[in-house]
Amino acid sequence: MGELDGTVALITGASSGIGEATAVALTGQGAAVAVAARRKDRLDELVSRIASDGGRALAIEADVTSQEQAVATVERVVSELGRLDTLVNNAGVMLLGPIMDAPTEEWDRMIALNLQGLLYCSHAAIPHLLSAAQDSPRQLADLINISSVAGRVARMGSGVYNMTKWGVGAFSESLRQEVTKRGVRVALVEPGAVDTELTDHLRPEIQEATRQRFDDVEKLQAGDIADAIAYIVTRPRRVAVNEMLVRPTDQAD
């Protein structure tokens, strides 16, 4: 039996990287998972893989920057899987570069996904998480927000990305204070450099500079962060891991 038997988790940004690995990790602990993202083909492949390993998963094609789609995603999870015990707000985008002369549509994309999408999903999920904390044998529910080292350390060339991730941290702490006495734990996970598709969206010159910065660093794997998330949500009720910073050993800053 797994620690999460009988529970249901929703993971956004689950078509690759940390989200995909987290879905596998949580089903390994017994949870049924709903995986949400825009790339339905990738989600269907993930669901098939989980099912072949004996797990239960639901693919939901959604763009969580739309509040209507975010709400519909949460409601579909509860309707089809029966409840919601864990939300992992993983969907995000990192568009680095100088503030001066920046293409401001990149700022809009980061604010829409890193902040508004996370807010919309959280707002829709909170009533269901509170209900799960009341009626489950664990008397517990979890909300995990994926931030970044960039949510703790501001650097030249990542100002707006820093802003969004610092905002995630502030929101998480405020929400934690609001719901923790009702059995909903709020955790902030801050990965350092991870070998995922996150850097694929950078402009070519920024991508090269980022590659050079981490050229001598053995990056984390997505499964390393999934392990951290699984650790957080499988702690006994008395233990709340509020914040976890996970860097590669070779990453100095």
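The rows are residues; the columns are (1) within 19 Å of residue 33 (Cβ to Cβ); (2) β-branched (Val, Ile, Thr); (3) touching a helix residue (DSSP H, G or I) at 6+ places or on another chain (Cβ under 9 Å).
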residue: 86; (1), (2), (3): yes, yes, yes
residue: 117; (1), (2), (3): yes, no, yes
residue: 141; (1), (2), (3): yes, no, yes
residue: 162; (1), (2), (3): no, no, yes
residue: 168; (1), (2), (3): no, yes, yes
residue: 186; (1), (2), (3): no, yes, yes
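In the stretch 123-142, of all residues being in a helix (DSSP H, G or I) and aliphatic (A, V, I, L, M), the one that is nearest to the chain's Cα centre (by Cα) corresponds to 125. When every residue of the stretch 109-121 is checked against the conditions, none turns out to be under 21 Å from residue 75 (Cβ atoms) and touching a Cys at 6+ places or on another chain (Cβ under 6 Å). Can you find a residue that is part of a helix (DSSP H, G or I) and either modelled with pLDDT of 95 or more or closer than 20 Å to residue 27 by Cα (or both) anywhere in the stretch 210-223? Looking through the stretch 210-223, at least one residue is part of a helix (DSSP H, G or I) and either modelled with pLDDT of 95 or more or closer than 20 Å to residue 27 by Cα (or both). Within the stretch 63-72, one or more residues are free of Cβ contacts under 8 Å to residues at least 12 places away in the same chain, surrounded by fewer than 19 Cβ atoms within 10 Å (Cβ to Cβ), out of contact with any strand residue (DSSP E or B) (no Cβ under 8 Å at 6 or more places or on another chain) and among the hydrophobic types (A, V, I, L, M, F, W, C).
Taking into account only those residues within the stretch 178-199 that are acidic (Asp, Glu) and in contact with a Lys or Arg (Cβ under 7 Å, 6 or more places away or on another chain), which is modelled with the highest pLDDT? Show your work before the answer.
Going through the stretch 178-199, the residues acidic (Asp, Glu) turn out to be 178, 190, 195, 197.
From what is left, the residues that are in contact with a Lys or Arg (Cβ under 7 Å, 6 or more places away or on another chain) are 190, 195.
Values: 190: 97, 195: 81.
So the residue we want is 190.
Would you please name the residue that is nearest to residue 186 (Cα to Cα), looking only at residues in the stretch 103-115 that are more than 19 Å from the chain's Cα centre (by Cα) and surrounded by 15 or more Cβ atoms within 10 Å (Cβ to Cβ)? Spell out how you get there, then give the answer.
So the first thing to find is which residues in the stretch 103-115 are more than 19 Å from the chain's Cα centre (by Cα), and the list is 103-108.
Add one more test, that the residue is surrounded by 15 or more Cβ atoms within 10 Å (Cβ to Cβ), and what stays is 106-107.
Numbers: 106: 28, 107: 26 Å.
Ranking the candidates gives 107 first.
Considering only residues that are over 20 Å from residue 228 (Cβ atoms), buried (at least 20 other Cβ atoms within 10 Å of the Cβ) and under 15 Å from the mean Cα position of the chain (by Cα), which ones fall in the stretch 143-173? Residue satisfying the conditions is 164 alone. Kindly evaluate residue 111 against the criterion of being of a type in the set (A, V, I, L, M), assigned to a helix (DSSP H, G or I) and closer than 15 Å to residue 83 by Cα. Here the answer is no, as residue 111 does not meet what is asked. Pairs meeting the criteria (first residue in the stretch 229-253 and over 18 Å from residue 26 (Cα atoms), second residue at pLDDT below 95 and outside any loop (DSSP other than H, G, I, E, B), beta carbons under 6 Å, at least 6 apart or on different chains) are 248/220. Would you be able to tell me the number of residues in the stretch 116-142 that are within 27 Å of residue 96 (Cα to Cα), surrounded by fewer than 24 Cβ atoms within 10 Å (Cβ to Cβ) and either free of Cβ contacts under 8 Å to residues at least 40 places away in the same chain or of a type outside the set (Ser, Thr, Tyr) (or both)? Count: 2.
Only a single criterion out of (1) surrounded by 15 or more Cβ atoms within 10 Å (Cβ to Cβ); (2) within 22 Å of residue 26 (Cα to Cα); (3) among the hydroxyl-bearing types (Ser, Thr, Tyr) is not satisfied by residue 79, namely (1).
Residues that are within 15 Å of the chain's Cα centre (by Cα) and either closer than 15 Å to residue 143 by Cβ or small (Gly, Ala, Ser) (or both): list the helices (runs of 4 or more DSSP H) wholly contained in the stretch 1-98 that include at least 1 such residues. Before you say what the answer is, go through the steps one by one.
Working: elements: 17-28, 40-52, 67-81.
Hits in the stretch 1-98: 17-28, 67-81.
The values are calculated or read from the model by the stated rules, or taken from the named source; none is laboratory data. Since we're looking at a predicted model, the values are computed, not measured. Backbone-built Cβ (ideal geometry, glycine too); neighbour counts: all protein chains shown.
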